Amino acid sequence: MSGNLVEIPPRPSLTEYEAIAHLAPAAEALRAHAREVAPRLEGRTVWMVNSTAQGGGVAEMLPTMVTLLNELGVDTRWFVIESDEEAFFRLTKRIHNLIHGAGDPLIDASEERATYEEVNRDNARTLGLLLRDGDVLVVHDPQPMPLAGFLREHCDIHTVWRCHIGLDEENEATRSVWDFLQPYAPDYERSVFSAPEYVPSYFQDRAQLIYPAIDPLSRKNRELHIHSLVGILANSALTVVPGPVVQPPYQHVAQRLQVDGNWSPAVLPADIGLLIRPIVTQISRWDRLKGWLPLMEGFVQLKERLYTTYRSRPALERRRLAQARLVMAGPDPASISDDPEGLEVIEELRAAYVALDDEFKHDIAMIALPMQDPEANALMVNAIQRASTVVVQNSIREGFGLTVTEAMWKRIPVLSNTRAVGPRQQMVHACDGWLIDDPESPTQIADALDYLLNESRERAALARTAQRRAHDNFMTFSQLRSWLGLLEEIVT
Ligand code: UDP
């Protein structure tokens with residue numbers, strides 16, 4: 001038998017959110033909503049089930065959701081399925097890519113289906129011992145999707161499938177994977193997606209939209225006092241400070257790609273200027289679909305214009321653009337040794353970087369963030385985002401884009417594009433973000449960066465509206481209210 005209940009280390013309670021002036025109204029509204037709904041769920045347990053306790057957006061969101069639901073009186077537990085079958089993970093990674101429209105279609109997949117079902121049947125045996133009639137099973141993503149069918153053979157439970165991924169178009173890959181998953185759909189009373197475009201036809205009649213959300217008190221999103229921010233940057237070798245800081249340096253520090261193509265601590269060859277220069281940042285996984293290369297090319301084009309078309313621009317604007325730097329940060333290569341595509345992307349970027357003129361190399365910092373300590377990593381991401389003038393998410397495809405939400409919440413203006421579903425759901429162009437049409441056009445990127453870097457009033461206005469939008473729509477509180485509504489509906 002496989003599978004495990006996850007113990008969640010202590011986290012902030014709702015009372016702590018309510019004690020913060022700008023979070024209090026949303027936290028209180030959640031509490032009031034729960035006061036009505038929780039009694040209707042009494043006697044039932046909500047089981048959140050996914051395939052990993054660490055890494056990825058689902059594992060990032062569940063601890064907050066589970067902790068707060070329990071505090072609100074909804075008995076909620078988190079169960080992670082397990083397997084030591086390599087074939088299972090190969091298949092589920094393939095399913096993941098196919099839902100994003102990439103990879104060889106699943107044709108004649110009976111052997112894969114047998115492994116997929118065997119692993120889930122095995123996990124259903126463990127979970128089946130814990131479930132009681134009337135409980136609610138919420139299965140996240142495709143890995144544990146067959147569970148509901150096996151569990152319903154023995155218990156009378158309610159079932160929801162929550163899919164966090166999707167693509168806004170159909171191709172052979174998506175059709176084959178949705179066909180492969182179709183036999184498991186009838187075992188679910190409801191489904192939840194992050195965008196209407198992602199819902200396959202057979203879930204259309206029972207699908208609901210719930211946005212992913214961020215936790216404003218997590219290490220990645222909580223406010224950082226100026227000393228903490230500087231201390232985190234100093235301790236991770238992201239900036240040089242003139243005196244000692246209280247905390248000792250992190251055991252693993254950020255690395256910067258050097259002009260010769262090697263990695264060294266990020267303060268070499270000299271301070272990047274995170275605390276003083278205009279900073280344009282993208283933080284993402286090293287995935288081709290994140291649009292890294294055109295972003296680098298767009299930034300270089302902007303700098304080149306200083307020698308051509310921008311010669312006659314006002315001196316202040318020229319200085320601002322001359323001082324601007326691009327930070328491209330992602331997980332350090334050692335942490336993604338099981339991700340050959342990620343390593344390839346790093347190599348491509350490294351080759352493109354090494355081929356640049358030295359002057360442009362100094363203006364671009366490609367950063368590898370250490371992943372050994374997830375808490376330190378989250379603080380580094382938080383500090384870099386807060387030190388940025390503009391955050392870019394140049395994704396060509398993006399399921400949702402928590403990095404966008406994270407920047408919006410921190411009141412940092414975001415540049416993204418209308419081709420990526422997630423960013424265009426989160427932001428309206430020129431209202432709470434800046435959206436270009438084509439993330440693969442360096443010219444559009446250069447134009448947008450020029451505008452955003454030089455228009456400080458526009459930046460501030462975008463960022464203010466963005467924070468409000470993130471607050472109202474993409475915070476844990478609104479997400480949990482949607483879940484409470486769904487749970488109430490399903491049991492009554
Ligand atoms: N992230 C991180 N460290 C990194 C790169 C990314 O913590 O080196 C985080 C980022 O802050 C965000 C998440 O990983 O919370 C990425 O989620 P998103 O929805 O933006 O994209 P995905 O990786 O799921 O495609």
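The values are calculated or read from the model by the stated rules, or taken from the named source; none is laboratory data. Quantities reported herein were computed from a predicted structural model and do not represent experimental measurements. All Cβ positions, even for glycine, are placed from backbone atoms using ideal geometry, and neighbour counts span all protein chains on display.
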Taking region 106-154 and keeping residues modelled with pLDDT of 95 or more, touching a helix residue (DSSP H, G or I) at 6+ places or on another chain (Cβ under 8 Å) and part of a loop (DSSP other than H, G, I, E, B) leaves Leu131, Gly134, Asp141, Pro142, Gln143, Pro144, Met145, Pro146
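Matching residues to (1) charged (D, E, K, R); (2) surrounded by 13 or more Cβ atoms within 10 Å (Cβ to Cβ); (3) more than 19 Å from Pro374 (Cβ to Cβ):
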{"position": "Leu238", "(1), (2), (3)": "no, yes, no"}
{"position": "Pro242", "(1), (2), (3)": "no, no, yes"}
{"position": "Val245", "(1), (2), (3)": "no, yes, yes"}
{"position": "Ser264", "(1), (2), (3)": "no, yes, yes"}
{"position": "Asp271", "(1), (2), (3)": "yes, yes, yes"}
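Name the strands (runs of 3 or more DSSP E) wholly within region 352-428 that hold at least 1 residues that are within 17 Å of Glu223 (Cβ to Cβ) and either within 14 Å of the ligand (Cβ to nearest atom) or of a type in the set (Phe, Trp, Tyr) (or both)? Show your work before the answer.
Working: elements: 364-369, 390-392, 414-417.
Per the criteria, 390-392.
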- Query: Is one or more of the residues making up region 279-294 more than 24 Å from Leu238 (Cα to Cα) and away from the ligand (no atom under 16 Å from the Cβ)?
  - Reply: yes
When (1) of a type outside the set (Ser, Thr, Tyr); (2) modelled with pLDDT of 95 or more; (3) under 17 Å from the mean Cα position of the chain (by Cα) are applied to Asp438, the one that fails is (3)
Taking region 386-402 and the residues there that are of a type in the set (Val, Ile, Thr) and modelled with pLDDT of 95 or more, the one that is farthest from Leu167 (Cα to Cα) would be Thr389
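Please specify each residue of region 410-452 satisfying the condition of being of a type in the set (A, V, I, L, M, F, W, C), touching a Gly at 6+ places or on another chain (Cβ under 6 Å) and surrounded by fewer than 24 Cβ atoms within 10 Å (Cβ to Cβ).
Of the residues in region 410-452, the ones of a type in the set (A, V, I, L, M, F, W, C) are 412, 414-415, 420-421, 427-428, 430-431, 434-436, 445-446, 448-449, 452.
Keeping just the survivors that are touching a Gly at 6+ places or on another chain (Cβ under 6 Å) gives 414, 427, 445-446.
Once the filter is applied, which keeps residues that are of a type in the set (A, V, I, L, M, F, W, C), touching a Gly at 6+ places or on another chain (Cβ under 6 Å) and surrounded by fewer than 24 Cβ atoms within 10 Å (Cβ to Cβ), region 410-452 yields only Ala446.
Suppose the filter is under 25 Å from the mean Cα position of the chain (by Cα) and assigned to a helix (DSSP H, G or I); does Ala334 pass it? Spell out how you get there, then give the answer.
Working: under 25 Å from the mean Cα position of the chain (by Cα): yes; assigned to a helix (DSSP H, G or I): yes.
Considered against the rule, which asks whether it is under 25 Å from the mean Cα position of the chain (by Cα) and assigned to a helix (DSSP H, G or I), Ala334 comes out as yes.
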Checked Glu60, Glu82, Glu111, Glu42 against criteria (away from the ligand (no atom under 16 Å from the Cβ), under 30 Å from Glu28 (Cα atoms) and of a type outside the set (Val, Ile, Thr)); the one match is Glu42
So, first residue within 21 Å of Val392 (Cβ to Cβ) in region 330-343, second residue modelled with pLDDT under 85 and among the hydrophobic types (A, V, I, L, M, F, W, C), Cβ within less than 9 Å, six or more apart or across chains; the pairs are Gly330/Ile336; Gly342/Ile336
* Report whether or not Gln208 is of a type outside the set (A, V, I, L, M), touching a residue at least 24 places away in the same chain (Cβ under 8 Å) and surrounded by 15 or more Cβ atoms within 10 Å (Cβ to Cβ). => yes
